[in-house]
Each structure stands twice: as C-alpha cells, then as structure tokens.
Amino acid sequence: MTGNAFKVWALHLGVLAALLAAQFVLPAYHNGNLARIMVLAVYAMGFNIAFGYTGLLSLGHALFFGAGLYGMGMLVALAGWGAGAALTAGIAAGGAMALAVGLLALRTAGVSFMIVTLMFAQAGYLTILYYTPYTRGEEGIVIDRAARVLLGFDLSDDGVRYFAAFALFAAALLVKLALVRSPFGRVMVAMRENEERSRMLGYDPFRIKLAALVLSGIYAGAAGAAYGLLFGYVGASFASIQYSILPLLYVLLGGAGTVLGPFLGAALMFYLIDLASGITTAHLLVVGVALLVLVLFAPKGILGALRDRGLKWLP
Amino acid sequence: MTSRLIGLTPSRRTVLGGLAASGAALALPARFASAQSAAPIKLGFQLHRTGIGAAYGRWYERTAQAALTLVNEAGGINGRPVEILFEDDGTDPKRGAEVMEKFASQSNCDAVFGALFSHVVVGTAPRAGELKMPYLVCSEGHHVASGKLNRWTLQPGITDVKSQVQAMAPWISSTLGKKVTMIFPDYAFGHDHRDAFVPAIQAAGGEVIEQIAIPPTETSFTRYLPRIPSDTEVIYHVMVGPAVLTFVKELGEFYGSGDRPQIFGFIDSLEAVNIASPGLEFLEGTHFWEGHCRYLQADAGEHEATYRAAVGVDDTGASVADAKDISTYAHMFSVWETLFILKAGMEAAGYQGPADRQKLVEAIEAMTDMPYSIEHPQGAKTFNGKTHQVFGLQYISKVEGGKLVKVHTTSPEDGMYPDEADYTAMSF
Amino acid sequence: MDFGPFLLLALMEGLVTAAVLALTAVGLALVFGVMRVVNVAHGEFFMLGAVAAWFVTTWIPGPPAVGFIAALVLCPLLVASVAALADTLVLKRLNYDPDATIVATIGLLYILQQAALSLYGPDARPVEAPFTLRVQFPWFGYSGYKLAVIVAAALLLAGVWLLLARTKIGLVMRATQIDRETARAFGINVDRVYAGVFALGAGLAAVAAVLIVPIQQAHYLMGHDPLLLSFIVVIIGGLGSLRGTLVAALLIGLSDGVISVFFSPTLAKILATLFVALVLVFRPQGLMGRRAA
Amino acid sequence: MAAVTLLEARALTRHFGGLRAVDGVDFDLAQGEIHALIGPNGAGKTTFVSLLCGRVPVQSGSIRFAGQDITRLPAHARVRAGIAYTFQITAIYARLSVLDNIALAVQSRGASHLAAESMAALDRVGLASRADMLAGELSYGHQRLLEVAMGLALRPRLLILDEPTQGLANSEIDAFKDLVRGVVPDMTVLLIEHNMDVVMDLAQRITVLNFGQVLATGTPDEIRANPAVQSAYLGG
C-alpha cells in the first residue's frame, strides 16, 4: 500500500516536474503547443471524471466547456470584468450548467443519456448563434489583451501563458488524483461498475452521479474559461458537437479511468494531427481510424493497457 | 495547372522589382548577391483545405501558387526567393491559431496570409499579435476595420463587407427599386450585411421593408419565401455555405415565370457554382455584386488575360483544366494582391528577416494608392493605414444569356465610411 | 401573402421534409430497434447516397431521368454494401456493445466524410431532376418534382412495411429483435440478420438522399442535419418503434415548417432540440409510444 | 414473542401485469430474531424482500421499520436506515479489489478508521489475506462470503440474505451458519433459503409464502407440523 502510494505520487509529481522543466528546454513552438494541450487535458480530465470513473458517457460536454468560455468571455467583453473574476465566473458557469443538465439528464441512462446530453449541447450551441448581437455568433469575439491580466501577469506573454496553463493543469491533476484515491472516488467507480449494487450499499446513485457530473463540468468550465483567457478568443465553434467528441477521443486514447490518460491522449492526438497534416491532407481520416483502432484493439487506451499488464497501482 | 505562366508585360517591370529584367528562370543563389541572405523568404498560408471553407481553399491555394510563381520569376523579394508554406486550418478557429503558432515558432515564417472565413481570422488574430507576426487576411469581413483586432492584422487585398454593401445601395435604389427585402444568414456575416445596408439604403432614399434571417444550418428555404412582402421591389440576398444553391433554386421555383421583384444578390450565394446549372434559369435578368467579374468582360483591363492565364481560369470563370470546376473568382484575387502587397511592403521596408516584421507592418500602413496593375488585377484601390483596410471598386453584373455581364462599376467614394479605429495609435 | 396560401406552402414543404425524414429515420429506427445500435454515422450514409447519385448521374449519358433512375437503384445498393462491410469488420467484432458502437460509428463518420472530401471534393454539386415540372398555384409556384418525392417516399415506406410485416425476412428480423439468443437457437443466422439490417438502414438513408439531391445538393458535410433530425424523430416516435417513427416524422416535418413561421427560426430550432431532450427525460417511451411494463 | 417489532408490513401488494407477485401480505419481524422466508419457486419471496428493501416500488400497503414509515423511502435511504440486502446472484464489484469492495460498505456507514475497520470486516469472514486480490478472481464460495461480509460491514439492524448458501460446499455452509448465529441478537436476519436443513437449523421463526400470500408463520416445529404447508410445499 505505502509502496504503491509512493509510486503514485512519484509518478505524478515527476510528470509535473518534467512539464515545468520542459518550458526551459523545448523550442518555442512546442511550448505553445504544450500550453494548449495542458488546458485541453484539463477539459479531458473533467470528461474522464464523468466517463472514465463514473461511467457517464456524455456527448454534450462542449456545453460545459462553452459555458466556461462564454461565461468568462461575455463578462469580460460586455461587463468589463477583470480576468480573475471572469475566470471564477466561467468555472462556476461550467459547474452550474452541469448541475442543470444533470438534474434532468441523469433521470436517463445509457443511450438516452448520450442523446439527451447531445441535444442539450446542441441547444446551447444554437443559443450562442441566436444571441449573435452579443456573441458575434460563429465569428466570435476577441478578448482584449488589456483584459488578459491575472494577478498582474500578462497572460498573452508566452512564458506567463505556459505557467498559467501549467498551474491550472497541476491543480487539476492533483485534485483529481486526490479525488480518485478518496472514498468519494471509490464510490464514483462503484457507480460505474455496478449501480444497483452501490444503491444497496446505501449510496444515492442520482446524487453521486450529479456530484461527479458537476465536478466534471467545473473542470470543463475551467478549461473553457482558461482557454479563452490564454488564447484571447471566444467562438461558437468551441461549443459545437466536435468539441464534445474531442475529450472522448483523448480519454479513450490515453485510457479511460486513469489520471494521466487524458493528458497523454490530448498530447498524442495533437501531435498526430499536427504531423499528419504535414504528410496527408486527410486528417479527418486519421481521427476516424484512430477511433476505430482504439475501440477495436485497445478499448482501455494506452494507460489502461499498461495497468492490465502489470502496473496495477496506476490510478 | 497553377504553376504555368505567363508573359510578363514589360511595362510593369519596375514595379515587380529591378531583378525582373534578368529573366524568369528560378533564382539561383548567385543571383541574390545584393541581398544579405539568399535564404528564401517564407510565407505561411492559412488554407481552408477542409471544413466549410474548402471550396474556397482550393482556389485560394491555386491563386497563391500562381502569384508566387510570378514573384519568383521576377526575382523574388528583395532579391531573395520566396516560398509559401500551406497548412490546413480545417476552417476552424482553434486550428487556425495553432497553424499560426506553427508558422511563427516552428517554421519561422516572415509573414502569414490567406485566411478567408471570419471566425478563423478572429480566432487567429490574437495569436498573430502576441507572436508579432504580420497577418494579412483575405476575408472581406468588417472585423479588421472595426478595430477589434490588432496592429499586426491587416486586410490590404480586399474591400470589407461594410464598404461593399454600402457601395451597392445608391445603385440599387436608383436602378432597381426603393422597397427592399433582405434575406441573409442569421449569423455574424449576415448581420454585417444588414447593419451596413439598412442605413445605406435609407441614405439613398430607399428602405428595407423586411429582414429575413435564415439559420446557417438550414437546408431548405421555400417556407421562408412567403414572408417576402408583396410590395417588395427588390430582393437582396446573400447566402453562404453548401446550401446556397438550394436557396437560389427555391427562390426561382417560388416566383417561377410569373411576376417577380427585381433580384439583387451577392455572388457569395453562387461562388464556385456554375451560373448555368439546371434550375438557375430564372436568374436571367437578375443582378449580382461581384468583387471581380467572373466572366471575361468586353472592356476588361489590360492585365485581365494575364491574370486569368496565371491562375488557370478560362473566360467563363472555370478552371482551364476542368470546365466543371468553377472558381471563386469574385474573392480569390485578394490572395494574389496580398502577396504583391507583401512584396511591395518588404521591399519598401528593406526587409531582411523576422526582426524587421514591425517595419513591414509600418511599410504597409504607409501605403495609400494602389493603381490598377498586374499586382492589382481587380482594380485600383486605396489603403487606409489607420484602419488597416483597403477600399476598392465594386462591380454589379447582370445575368444575360446565362452569363454575368457587368452593368455598373461603383466609384471609390460609394464605399467610404468614417474611420472606426486607428491601429497606428496602438502599440506593437 | 395571405395566411391561407402561406399555410398551404408550409404544409407542402413540411410534407417533403417529412417524407425524406421518414425514410431516413426509419432506417435509423430499424437499426436501433433490431440491433440496439445507435448509428452516429447514419447521416454519412445519407451523404454517401447523395454523393454517389452525383457520380452515377454524371457518368450515365442520356436524359436526366435515365441517370436518376439508375442512381435510385445503384446508390442504395452501394451504400448498403458499405454498411454491411462496416458491420462485419467493426460492429460485429465489438459484439454490439452500446458504448463501443457509438465510438466506432463516430470513427466511421469521420472516415466517410474524409473519403467523400478526397474523392468528391468540397463543392456542393447539383443533380438534375428526372423531370422539370413547375406547378403554378394562383399565389406561388411549386416544384412538381417535390410533389413526386412525397409520392415516391410513401411508396418506398409502404414497401418497407410490407417487407417487415408480410415476408419471412421481416419475421426473422422481428424474431432477432425480440431475443437474439433464442433466434440463434432456432437456426437464424444472427450475424447475417444484423449485417442485413444495418445495410437496410443505410440503404434507406441513401435512397432518401437520392430523392432529395435534385432539390438540395450533394456536399460532403450534408449528413449532419439528417442525423440530428432523424435522432429527434426516432426519439419522439419512441426508440425503435416504426409506426411511431412515421408519425413523428410527419409531426416534425410539418411543425418544422409551421413553427418557423411564428418564431425566429433559430429560436424554433433551440426549442425543438430542448423539447426532444425533455421528451427523452420525462417520456422515454416517446410521445406516441405506450409505456412499457 | 414479546420482543420488540423491528419491521412490520401491512397488506403489502405488488402485481406485475396479471401476475400477483405479492398480494396483501402482513408480516412482522421481531428485533434480534433469525427469520426465514420459504416457499415454492415463484411464490414471490424475492419480490417481497425487494419491496422491503426498496428495490421494487410498493404498489399498495405499508412498511414500518423501527417505528418509522418507510413505504416510500428510496432503497439507498433504507440502507442508511439500517436495512441491508445481499444479492441472490453474487453482485460484488468484480474489477475492484476485495478491500475496495468491503471499504465501500464500511465507508457507507461513515466509519472513522476506514482502512482498519475494512480489514477487521474482512478478518471476520476470513478474507483478510486476500484483501489485495481482485474480487472477480476469488473462488465462488469466497465471493458469496464477501457479499455477506459487505452486508455485515454496513452494520445494519436488519440483514436480508437472499439464498446465501446457494452453490456453497457443506463445509462452507457450516461456517456460514456460525457466522449468522454470531450476528444476532445485535442484528435481525431475514433469510430466503431453499436448503431446508439450513432453514430448520438457523431460523427461529419461518414464514411460508405461496402465490404471493402468506400461507403460514411459526416456529420451525409449527411449520413442519402445518398440514397446509405440507400439502402446498413440503409434501409437494
């Protein structure tokens, strides 16, 4: 037990240390990419809390990401809020949206849950288009550089951006690690494994799943708000169906129900598309084939497969 | 087919740079003795190769290739050869920004250009500003001139929507009718049309009596058409996306051969579509805005033939290799002109390398008149350095015998509006 | 325009929408009903049908009607075989696990889109209608072809109904739907039934697309809307119920036309989407379906 | 018996379509007893206990538990109130470790020393040495044992065991009987069981269900002697 706990913390702190050091070692291009990947990994980690740990396959997480993005963006652009307050509001918006969706969608399960979340997300996307006079619809809005200052740090600076993304990622990773190793994390997994059994151990499935979904929404909202602040753009395409599929892809690739899987998946997918676009113009094909290969040959993803092959302690 | 070229007209030699005279063969390093470095100038091109912009992307790539060949045959820029790196942005703003980073940080490009779709431009511009990368967009959106973007983002190759629309109003009011019904997509691009046209037509003595905004996801339009008031004198339509042809056809079916209002449309509704497609017969006698006349006009300027040959387009606006492949002729000139503006700007700035990017932006800001030439085959333009926006001529064509025939050319003043921003007052 | 003619037009438009939607959605409902598979790639089979129709009509010389009829026969067969292949190569190997098949069909969606983009290109291309006839009403004109689409779809749907209700194939499908293991015990080749149902579902989407493509154009991203609308119809109709699906298609098709007359169309779409989500939450058996025991 | 009544069901009814699975059952459980529920297949035993523990909603009638009306209480809340149910078909978390399985039960009742109390609960059924194994890798007998241990770890006031000895070897059955005897009178046990030896050996009182109705209630001897029971069930 203690030996495993040591390994777990050593691995995750080691990954964080490596990412921190990467800033000083890697060329600028990869720094920029890593900042992006870390933010997207937070989104995928949130998705993983719902899907990988609790067994809730949502096809509407773009709604929560979008809630964070627009919750932050609208307050900055229309109400002139500062970055810190808007970021907080964006995170809250992600959680609140997940709460609202969860209260309704969690009355369903399985295929119905997927379709209900998909429909809610589609309604959210259309709502952004409907309010084009404020949101500028699909064209989106630029977050003014002057507004992108957090605690005195200019987020549009490459170095600061990297550290901001890293800080968010590190916090999300450590919270998630603690979460999945906590009693509540165990209950989430119990819900995924056997809901009826868990109910007969005295756990209210609805409340547990709702809590997991809200947490998931908070992660997605944080990622959305951070993405907008760090990269200065808020647009409707980030709330489209495609962005509900992306975290699913990342999580499946890296390993559902693993703490580091979403990051690994996001990084691999990013570079897969980046490199593929240099070789072939058909990068949709890359995504499609990746999904098929994963689901056919590695349904547990990379880290899931490693866990089955000896690294049983991997959280 | 895009790489073939082109007899250079001697009279333009001076503009194309002093080295043009020494021949058209691809440059050898020895020929660049005057330059500090013979390393090529690298330009990044954000290409809509996939996604909803793909039909434009294909032709934007061909046009850029054609212009590039011409530039290099004339000795490159500042005596250095030029290369363009094409990178697909999926017509997606997130990927657009990533592509910008790739150009800036990995490929170390000297400038980036080529984006058309507004959301890609708006999503990429902040990164361009942060990376201090000159970002020349070919988008016709009003986002540049509105002051929302930054010092590094410019639109010197094509007039923006606001100006285009405003320039149409006087002619519509005086020639077609006063009571206008607008049909436009219910998103930012369509709203720009509405916001620009409603006051413009009022100023010209007309009015918009009905606005029909159609969701961008719509694939069938007939049911919107009854909302067109019966006292409408002119229908003003501008639609984009894959369903536009459906829209135009259904408009035709709705009115049939019977009595109908005048119809005025933006060619965006039919860009890359053959005007002689089945079901479009009713367009006969209707009018279109064209950024650049798709069919070769009788009074075409001296450079028109050269330009068409360079980009591989025949007299009807189709690809010379495949008559079914219709070009995005009304917009793609912007890519061509933007490359030549980059060349002129770099030469004026004495551009040596990425350290001179700011000088390049300043040089472009200093530009004003751009006379009609092979570098500006669409027509003469005036660049406004403060708003980073170029203003040029617009054309109105009428469909006659299945062809678009130019009936009116706007005057430059028609499209002018007061500055909404001053980028030169902003820091780099 | 007066309200009467306005309504007439909206109703005719609604019928065309409903007819095509019914064909597409019945395909989706069939696949879900028999196989319990949510086929996210269904819209891409629709798109594939339209794109194939463009190729067939372009290649076959002669009057448009000849090429069109050829397309009406060939394209569904082609798309159905693609679907059968996908079923055998992918879905079967996943043992039709609900989560895995959703992910797999999302993958299929991207692959089919890319195939269309690479082989067909990014343009929206028209297919000529088999005949041009414009019906002139006193207030407005209307496409005769559109009216023909309604009739053709109704005939096809009747054919599907006959197939399911009156033939041995239909019996075998229903038996498999009720209990896969028992069906196997009775000597039914369940693998073949599944491949057949998946192919039939895709073929129905394709035939709907061939019918619509002279009205709309073939484009590689056109599958999105039919998918979403089919989902809506299948849900409102009660997942997997064919009769419910037909009624829902009619309801959605007609109301889509009429609602957008009174609301902003974007708002109408938002409300419709939310409505569907709420139907699933509060009446999972669908509006028309009876509550299961 | 003068003992305190822990649970009382009145006119409890549940029909499935035309099938009267449970039809107007009155039923009392005394605090601290071991009570067996028997009856032919399809007599409604599992449906009846499902009504008690809340897995199946009550159609009509009422249930009181420890003086409180729990008729409309959801299942998880009844577990919290002190009713534990162990599944007829083993329903452990096969992909989790044995320790995680038991910990889920222990933490549900809000234990203060989760790890220690989990190990103690395993120790009680002799599974402590297997704590780190995946539950799915346990032998069938051990899985049944873990299932019962999870029920016990909840420290319920009422433990409902649904065919706990099914598939167990004789030696395992003896150990199981000892285990059950050890939990009363702290807990009350309601046992559905087909193995008549176990029933007669363990139960203090027996209720016989037939066609969804109570045929008889009494001590093992009374039940054995009851002619109605004999003809309907024992005599076959």
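The values are calculated or read from the model by the stated rules, or taken from the named source; none is laboratory data. All values derive from a computational prediction rather than experimental measurement. Don't worry about glycine lacking a Cβ; one is built from the backbone with ideal geometry, like all the others, and counts go over all protein chains shown. Please note that ligands, DNA and RNA were not included when accessible areas were found on the heavy atoms of the full protein model with its side chains. Shrake-Rupley method; radii C 1.70, N 1.55, O 1.52, S 1.80 Å.
Couple of notes before you dig in:
- Any hit, the range D:202-218, residues being outside any strand (DSSP E or B), of a type in the set (S, T, N, Q) and open to solvent by 50 Å² or more (accessible area, probe 1.4 Å): yes
- Sole exception among (1) in contact with a Gly (Cβ under 9 Å, 6 or more places away or on another chain); (2) not in a loop (DSSP other than H, G, I, E, B) for B:GLN378, by number: (2)
- A:VAL287 at the interface with another protein chain (Cβ under 8 Å from one of its Cβ atoms) and either crowded, with 21+ Cβ neighbours inside 10 Å or not in a helix (DSSP H, G or I) (or both): yes
- Flag for A:LEU275 being in contact (Cβ under 8 Å) with a residue 24 or more places away in the chain, more than 14 Å from chain C (Cβ to nearest Cβ) and open to solvent by 60 Å² or more (accessible area, probe 1.4 Å): no
- Taking (1) crowded, with 19+ Cβ neighbours inside 10 Å; (2) in contact with a Leu (Cβ under 7 Å, 6 or more places away or on another chain); (3) free of Cβ contacts under 8 Å to residues at least 40 places away in the same chain; (4) not hydroxyl-bearing (Ser, Thr, Tyr) in turn, D:ALA128 satisfies each apart from (1).
- Number of residues in the range C:202-233 that are in contact with a His (Cβ under 9 Å, 6 or more places away or on another chain) and either outside any helix (DSSP H, G or I) or within 13 Å of chain B (Cβ to nearest Cβ) (or both): the value is 3.
- Criterion: touching a Phe, Trp or Tyr at 6+ places or on another chain (Cβ under 9 Å) and in a helix (DSSP H, G or I) - qualifying residue of B:THR338, B:THR316, B:THR306: B:THR338
- Residue check for A:LYS209: within 30 Å of A:PHE6 (Cβ to Cβ) and not hydroxyl-bearing (Ser, Thr, Tyr): no
- Residue match in the range B:136-150 (condition: over 30 Å from A:GLY228 (Cβ atoms) and at the interface with another protein chain (Cβ under 9 Å from one of its Cβ atoms)): no
- Inspection of the range C:151-165 finds a residue satisfying the criterion of being over 19 Å from the mean Cα position of the chain (by Cα), within 24 Å of C:ARG36 (Cα to Cα) and open to solvent by 40 Å² or more (accessible area, probe 1.4 Å).
- Residue pairs whose Cβ atoms lie under 9 Å apart, sitting 6 or more positions apart in sequence or on different chains, and linking a residue in the range C:109-123 that is within 14 Å of B:ARG49 (Cβ to Cβ) and more than 13 Å from chain B (Cβ to nearest Cβ) to a partner that is in a helix (DSSP H, G or I) and of a type outside the set (Asp, Glu), do not occur here.
- Within the range C:55-80, tally of residues that are open to solvent by less than 60 Å² (accessible area, probe 1.4 Å) and either of a type in the set (Asp, Glu) or part of a helix (DSSP H, G or I) (or both): 15
- Only one entry in A:ALA96, A:ALA146, A:ALA105, A:ALA100 is under 19 Å from A:VAL234 (Cβ atoms), away from chain B (no Cβ under 14 Å) and either touching an Asp or Glu at 6+ places or on another chain (Cβ under 8 Å) or of a type in the set (A, V, I, L, M, F, W, C) (or both), namely A:ALA96.
- Pairs are defined by a Cβ separation below 9 Å, a sequence spacing of at least 6 or placement on different chains, a first member in the range A:86-111 that is farther than 29 Å from A:LEU150 by Cβ and assigned to a helix (DSSP H, G or I), and a second member that is basic (Lys, Arg) and open to solvent by 40 Å² or more (accessible area, probe 1.4 Å); the pairs so defined are A:VAL111/C:ARG36.
- The single condition among (1) open to solvent by 60 Å² or more (accessible area, probe 1.4 Å); (2) within 14 Å of chain B (Cβ to nearest Cβ); (3) of a type in the set (A, V, I, L, M) that C:LEU171 does not meet is (2).
- Test result for A:TYR125, surrounded by fewer than 18 Cβ atoms within 10 Å (Cβ to Cβ), under 30 Å from C:VAL276 (Cα atoms) and either more than 8 Å from every other protein chain (Cβ to nearest Cβ) or not polar (S, T, N, Q) (or both): no
- Sub-6 Å Cβ pairs linking a first residue in the range C:127-140 that is at the interface with another protein chain (Cβ under 10 Å from one of its Cβ atoms) and within 24 Å of C:THR58 (Cβ to Cβ) to a second residue that is among the aromatic types (Phe, Trp, Tyr) and surrounded by 15 or more Cβ atoms within 10 Å (Cβ to Cβ), at least 6 apart or interchain, are C:VAL127/C:TRP54; C:ALA129/C:TYR145, ordered by first then second residue.
- Those residues of the range B:141-162 which are of a type in the set (Lys, Arg), under 18 Å from B:ASP195 (Cβ atoms) and assigned to a loop (DSSP other than H, G, I, E, B), in sequence order: B:LYS148
Yes or no, residue by residue, for (1) under 20 Å from C:TRP139 (Cα atoms); (2) of a type in the set (A, V, I, L, M); (3) within 11 Å of chain C (Cβ to nearest Cβ); (4) under 28 Å from the mean Cα position of the chain (by Cα):
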| residue | (1), (2), (3), (4) |
| --- | --- |
| B:PRO216 | no, no, yes, yes |
| B:ARG227 | yes, no, yes, no |
| B:HIS237 | no, no, no, yes |
| B:LEU251 | yes, yes, yes, yes |
| B:GLU290 | no, no, no, yes |
| B:TYR295 | no, no, no, yes |
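- D:ILE160 being under 19 Å from D:VAL199 (Cβ atoms) and assigned to a helix (DSSP H, G or I): no
- In this structure, B:VAL112 does not qualify as β-branched (Val, Ile, Thr), in contact with an Asp or Glu (Cβ under 6 Å, 6 or more places away or on another chain) and not assigned by TED's automatic domain parsing to the domain that holds B:ASP195.
- Here D:ASN195 passes the criteria (1) surrounded by fewer than 23 Cβ atoms within 10 Å (Cβ to Cβ); (2) over 18 Å from the mean Cα position of the chain (by Cα); (3) of a type outside the set (Lys, Arg) except the one numbered (2).
- 2 or more residues more than 9 Å from chain A (Cβ to nearest Cβ): qualifying helices (runs of 4 or more DSSP H) within the range D:53-148: D:98-108, D:114-124
- Counted residues, the range B:81-117 - those being more than 9 Å from chain A (Cβ to nearest Cβ), open to solvent by 20 Å² or more (accessible area, probe 1.4 Å) and farther than 17 Å from B:LEU47 by Cα: 2
- For the range A:200-221, the set of residues classified as more than 14 Å from chain D (Cβ to nearest Cβ) and either open to solvent by less than 10 Å² (accessible area, probe 1.4 Å) or under 30 Å from D:LEU161 (Cβ atoms) (or both) consists of A:ALA212, A:LEU213, A:SER216, A:GLY217, A:ALA220, A:GLY221, listed by residue number.
- The range C:81-124 - residue that is open to solvent by 40 Å² or more (accessible area, probe 1.4 Å) and of a type in the set (Ser, Thr, Tyr) and, of those, nearest to A:ILE115 (Cα to Cα): C:THR88
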